[in-house]
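Structure first, then comments.
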Amino acid sequence: MKIDRLIGILSVLLQEEKTTAPELAERFEVSRRTINRDIEDLCKAGIPILAIQGSGGGISIMDGYRMDRTILTSRDMQMILAGLRSLDSVSGTRYYGQLMEKIQTGSSAFISGRDSILIDLASWYKASLVPKIDVILSAIENRKLLEFRYYSPSGESSRTVEPYYLVFQWSSWYVWGWCTTREDFRLFKLNRMDRVAETDRIFVCRDVPMPDLSNEKIFPGGIKVKALFSPEVKWRLIEEFGSNSFTDTDDGKLLFTADYTDMENLVSWILTFGDNAEVLEPVEARNMIRRNAEKTLQIYRED
């Protein structure tokens, strides 16, 4: 991908006094013409690159403007490389690992020490997730409309989207784009998308706002929850909501309080605790759980 190559070229120029277009072309496995266009793009971005033709010439960052390499320490580079390595966990290839190796070439003094951070962005759904990510990235790069079947609590529908960003947040992957059905920007969860396909229809990029990924926006709350939990499930409350989400009662139980967004999700979550949880508020949740229990009892009632 072009942005990855630009970062790689800049990294090489920061680490070496001078290089050449043929050397960069060989390292990044592209043509010299592509490298020349990349150098032009870096110049347009405000990086003062000097290119001298002929014997003894080469490509370098202009004297007086060269960034001090100590701005990026060995630890900084380890963080960058850990991030690149993590992307291979969902790419289905070694693309980012190979890019990392190219950046590291000739930089053993700059990048030292053992890897101390290992990041795996994959999930239980990696087998189905990787092909979706490949299609979405291709559609973003080619500026092609994306089509898919989407499943949500409100039902299922066919969507056509102008894709702009692939987002990893809250342990899940999303695509941010303009939905032609809703005529607005929307965030779609990849695990709810099926039959994802890149079309042959090109779209003109809009003025794209960054997605609001704050908890307040995605999980606005509004449902005040109060529930009692058995101490046996304390680990789950801490894992999912933190140690400040409950207080100890005199009888040893845990009084849990929180804001929840969706009533059905709340009920489904409470039911996963079995008899280790009792909802006190809201009353609507208590009634839904009781009705749910009565229906379940009917299913499993012995003849």
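A Förster radius of 51 Å, combined with the Cβ-Cβ distance separating residue 257 from residue 18, puts the computed FRET efficiency at roughly 0.20.
Across the range 185-195, rounded Karplus estimates of 3J(HN,Hα) from the backbone phi angles (6.51 cos²θ - 1.76 cosθ + 1.60, θ = phi - 60°) give 6, 9, 10, 10, 7, 4, 5, 9, 9, 9, 6 Hz, Gly and Pro being marked x.
Judged by the mean number of other Cβ atoms found within 10 Å, the most tightly packed of the peptides 190-203, 4-17 leads the ranking 4-17, 190-203.
Of the residues 278, 183, 302, the one with the fewest other Cβ atoms within 10 Å heads the list, and the complete ranking is 302, 183, 278. Treating the Cα atoms of the range 219-300 as identical point scatterers in vacuum, please give the log10 of the normalised Debye intensity I(q)/I(0) at q = 0.11, 0.15, 0.17, 0.26 Å⁻¹, two decimals. The computed values of log10 I(q)/I(0) come out as -0.29, -0.53, -0.68, -1.38. Compared with the alpha-carbon gap, the fully stretched path from residue 29 to residue 244 is longer by 72.2 nm at 0.36 nm per residue.
Here, each number is a calculation from the coordinates, and none is a lab measurement. Not measured: the values here are computed from a predicted model. Every residue, glycine as well, gets a Cβ built from its backbone with ideal geometry; the counts of neighbours run over all protein chains shown.
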